[in-house]
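Here's the structure we're looking at; comments come further down.
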Amino acid sequence: MSIELKKVSKRFVDNVVLDGVDFYVAEGETVALLGPSGVGKSVLLKHIIGLIKPDSGEVWVDGQLVPMLGRKELAALRSRIGYVFQNGALFDSMDVFENIRLGISDERLYADKDHCTDRVRECLRLVNLAEDVGTKYPSELSGGMRKRVGIARAIAGKPVYLLYDEPTSGLDPVNADVIDSLIERLQQEIGVTSVVVTHDVRGAFRVADRIALLAQAKIRAVGTAEEIIASQDPVVQQFLERDLETAVLQSVAESGTSAGPGALSFQTPAARRRASGSGEEVP
Ligand SMILES: Nc1ncnc2c1ncn2[C@@H]1O[C@H](COP(=O)(O)OP(=O)(O)OP(=O)(O)O)[C@@H](O)[C@H]1O
Ligand SMILES: [Mg+2]
């Protein structure tokens, strides 16, 4: 139940986006994928659900070679994957309830009205949206609300894999926190295998077991938060610098103590799991 890209290369005409990329997510693991805008993070994510095929290299998901799958097999695989599109990708002609219901891939459950009502309500609650949002249309929502509806749809079918493309961008800090908590809980309590594409370094350190940095068409660094912070690679340091400064300032403000970068302690998800028992139940 892992995800693996082996030496994946992809170019659009003369734009080489991925150049021999190796990327691995173990079963039950959350890996954050960071990198500058336009570097190819969304393109990498789309390879995992077979929306984009590599020019060369292999994409393995659930023990299957994704680019080789036929239509039916691909549909079956996708029913096990929740995908949070960067732009929400909601259907404008459907209300929020129907948009979220589309995430219920099991046909029997999809046809069960009571199940759908309960599940959609549950998913709205999990992304911190009021129940009456279900009757609204995407055009009536704010960008942040649309984003959360997209997340609700991605989790509605209780997927085994979750691919999040910028799940917290455009959200206020409180709702970004709700979504980060949700990502953590889905992993801790259900053991979902996830990739989180994000610009939010602080959020990445919070939710991810490991972090990968995509730069100049290659995975430039991969490791735990501690390993990434300790990296001597100037490209990694430069990328993290600005966001880490913000994180340090926030950390200081929250703890009320003065602290330099060295005093910033990150608790990785694995460490947190050891420290605490099981949390609130995720349905
Ligand atoms: N279908 C496509 N056809 C042609 N070029 C594409 C296509 N999809 C992506 N690209 C190009 O691939 C590059 C990487 O795009 P991608 O959307 O993956 O960036 P990103 O890292 O997700 O950026 P952002 O952080 O802004 O979302 C860009 O140069 C983009 O123009
Ligand atoms: Mg993108």
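The values are calculated or read from the model by the stated rules, or taken from the named source; none is laboratory data. Computed from a prediction, not measured in an experiment: that's the story for all the values here. No Cβ is skipped: glycine too gets one built from the backbone with ideal geometry, and neighbour counts run over all protein chains shown.
Couple of notes before you dig in:
- Among the residues making up the stretch 25-42, those that are assigned to a loop (DSSP other than H, G, I, E, B) and either away from ligand 1 (no atom under 16 Å from the Cβ) or in contact with a Gly (Cβ under 7 Å, 6 or more places away or on another chain) (or both) are ALA26, GLU27, GLY28, GLU29.
- Of the residues making up the stretch 169-195, just one is within 13 Å of ligand 1 (Cβ to nearest atom) and closer than 19 Å to GLU29 by Cα, namely VAL195.
- Among the conditions (1) closer than 23 Å to VAL201 by Cα; (2) at pLDDT 95 or above; (3) more than 9 Å from ligand 1 (Cβ to nearest atom), the only one that PHE85 does not satisfy is (2).
- The set of residues in the stretch 53-82 being over 18 Å from ALA212 (Cβ atoms), in contact with a helix residue (DSSP H, G or I) (Cβ under 7 Å, 6 or more places away or on another chain) and within 16 Å of ligand 1 (Cβ to nearest atom) consists of LYS53 alone.
- Matching residues, the stretch 27-57, being away from ligand 2 (no atom under 16 Å from the Cβ) and basic (Lys, Arg): LYS53
- Taking residues in the stretch 179-197 that are among the acidic types (Asp, Glu), and partners anywhere that are within 16 Å of ligand 1 (Cβ to nearest atom) and assigned to a helix (DSSP H, G or I), the pairs with Cβ atoms closer than 6 Å and at least 6 places apart or on different chains are ASP180/GLY203.
- Tally of residues being in contact with a Pro (Cβ under 8 Å, 6 or more places away or on another chain) and aliphatic (A, V, I, L, M) across the stretch 6-29: 2
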